[in-house]
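Here the structure comes first, spelled out in structure tokens, and everything after it is commentary.
The values are calculated or read from the model by the stated rules, or taken from the named source; none is laboratory data. Quantities reported herein were computed from a predicted structural model and do not represent experimental measurements. Cβ atoms come from the backbone with ideal geometry, glycine included; neighbour counts cover every protein chain shown. The protein model used for the area step is the full one, side chains on, heavy atoms only, and it has no ligands, DNA or RNA in it. Shrake-Rupley method; radii C 1.70, N 1.55, O 1.52, S 1.80 Å.
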Amino acid sequence: MKIDRKLFWACMLLALLIVIYQPTMAIGARLTPKKLIEYGWGAPTPNFIRQHLKEMEQRPFDGVILKLNAGKEVFKKTAYPDAAFKQDRRDLAAIKSARLTDNFVVMWSGMDDDWDWFNDTDWAAAQKNIQNFGKTAKVGRLRGIAFDSEPYTKNSPWQYQDRPTQHRDKTFAAYQRQVRKRGAQFMTTLQTAQPGTQVLTLALMSWLKDLWAKPLTPAQVQEQLAAHKYGLWPAFINGMLDVAKSNSVLIDGNEWAYYFYRVNFFDESRDLVFNKARLLVDPKNDRKYAKQVKLGQAVYLDLTLHHFPTGNKDFRYGKAMPYFLSPEDRLRFLENNVYHALRTTDRYAWFYSEGTDWWQNKIPNGAEAAVRRGKTKQLSRKPLGFDIYPEVEKALQQCYAVSNIC
């Protein structure tokens, strides 16, 4: 049998190109640009960004989580008027930055008193808000929504025991079905308003990591969720996954990284999000979860530098581990956490602060330089160059001697 020599050499060349190109593709996948974005009590509004863009671009961030003048809470009995979003959209449309490229608009899961998952009128108001947030994100060329599921109102939308009295006869399973339906409607509305949306949650399934501290049967999981303050949150997430389109992304921001005192905690969070958290994912959504959920990481400046708002009584503002570090070691610890947050995230590390305001120049001495060092070293694939953990271990021992919350 004769062999077509031209065809033979064409096939050999193709094979050679595949061998050469595949490693290049793999390297490209590994080198997905990592981004550091800022969020905190000083979250800027669109008009502030428009007025102060040049100064904001000097900070070490690739984007911000901004708040709208129109409002933040989503589960309201009366929707924000359409007109409330007009100026925000005008300002966002006018902002053009080659530096702040990865921005999100924050949406709080705050809930009005007596707002009801089963009330279609209440949901219509929430859906109108979701639609307007999504449209605003699209107009402003934002990446999507930063959905903060932590309730800052009297009642939590995620706690079964907080539900309205008229539904005391409804089982937890009935609530799960209804909340899952609303989660699907939530995601559908966002995807319609902004195709290819990214939903950055401050925490996705990782919120409930205490549930898999020990093996549980499905019945025990249900029992635990029914009493948990975020017990309905997995149902909402599964609803989002039910309808998530292939170009949509859900990001688990892993807020627990606030408290990471050891480097292995950053690495282990991938197992937490993509393996252990599967306990709460409907098997029907398993493939979507694996493909469309991404890992984020958080850095909490106030805790890392022990730089808290004056007078705050939260237990974390007491003598936690960083209190026992020297000022110089706190800055090294901050640099360390920025470095490892960026190293282990799929794309976004977000930087949270309360007592610091990056946009009003209220920044602890040395903090910005430490952030820049950690970011620059990681993005240039250079080693951190020091080991802060011997000092951290000593500080932990000092902390445990006076407190069990370290």
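Here are some notes:
- Options Q131, Q176; residue that is open to solvent by 10 Å² or more (accessible area, probe 1.4 Å) and within 17 Å of L232 (Cα to Cα): Q176
Listed here are the residues, each with its yes/no results for (1) among the aliphatic types (A, V, I, L, M); (2) touching a helix residue (DSSP H, G or I) at 6+ places or on another chain (Cβ under 6 Å); (3) at pLDDT 95 or above; (4) in a strand (DSSP E or B).
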position: G110; (1), (2), (3), (4): no, no, no, yes
position: G134; (1), (2), (3), (4): no, yes, yes, no
position: Q178; (1), (2), (3), (4): no, no, yes, no
position: G183; (1), (2), (3), (4): no, yes, yes, no
position: L200; (1), (2), (3), (4): yes, no, yes, yes
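- Complete set of residues in segment 67-82 that are in a loop (DSSP other than H, G, I, E, B) and open to solvent by 70 Å² or more (accessible area, probe 1.4 Å): N69, K77, T78, P81
- If only residues of segment 206-257 that are assigned to a loop (DSSP other than H, G, I, E, B) and small (G, A, S) are counted, the one that is nearest to G296 (Cα to Cα) is G253.
- Criterion applied to K86, K170 was being open to solvent by 50 Å² or more (accessible area, probe 1.4 Å), among the charged types (D, E, K, R) and part of a helix (DSSP H, G or I), and the one residue passing it is K86.
- Residue ID - nearest to F333 (Cα to Cα), chosen from residues in segment 391-406 that are under 29 Å from the mean Cα position of the chain (by Cα) and not in a helix (DSSP H, G or I): C406
- Total residues in segment 338-380, condition more than 19 Å from the chain's Cα centre (by Cα) and outside any helix (DSSP H, G or I): 13
- Test: K319 is open to solvent by 30 Å² or more (accessible area, probe 1.4 Å), touching a Cys at 6+ places or on another chain (Cβ under 9 Å) and in a loop (DSSP other than H, G, I, E, B): yes
- Those residues of segment 195-223 which are open to solvent by 30 Å² or more (accessible area, probe 1.4 Å) and polar (S, T, N, Q), in sequence order: Q198, T217, Q220, Q222
- Restricted to segment 358-393, and to residues there that are among the acidic types (D, E) and in contact (Cβ under 8 Å) with a residue 24 or more places away in the chain, the residue that is least open to solvent (accessible area, probe 1.4 Å) is E368.
- V221 vs. criteria touching a strand residue (DSSP E or B) at 6+ places or on another chain (Cβ under 6 Å), β-branched (V, I, T) and either over 20 Å from P195 (Cα atoms) or modelled with pLDDT of 90 or more (or both): no
- So A98, is it in a helix (DSSP H, G or I) and surrounded by fewer than 18 Cβ atoms within 10 Å (Cβ to Cβ): no
- When L36, L142 are screened for being modelled with pLDDT of 95 or more, part of a loop (DSSP other than H, G, I, E, B) and under 20 Å from the mean Cα position of the chain (by Cα), only L142 passes.
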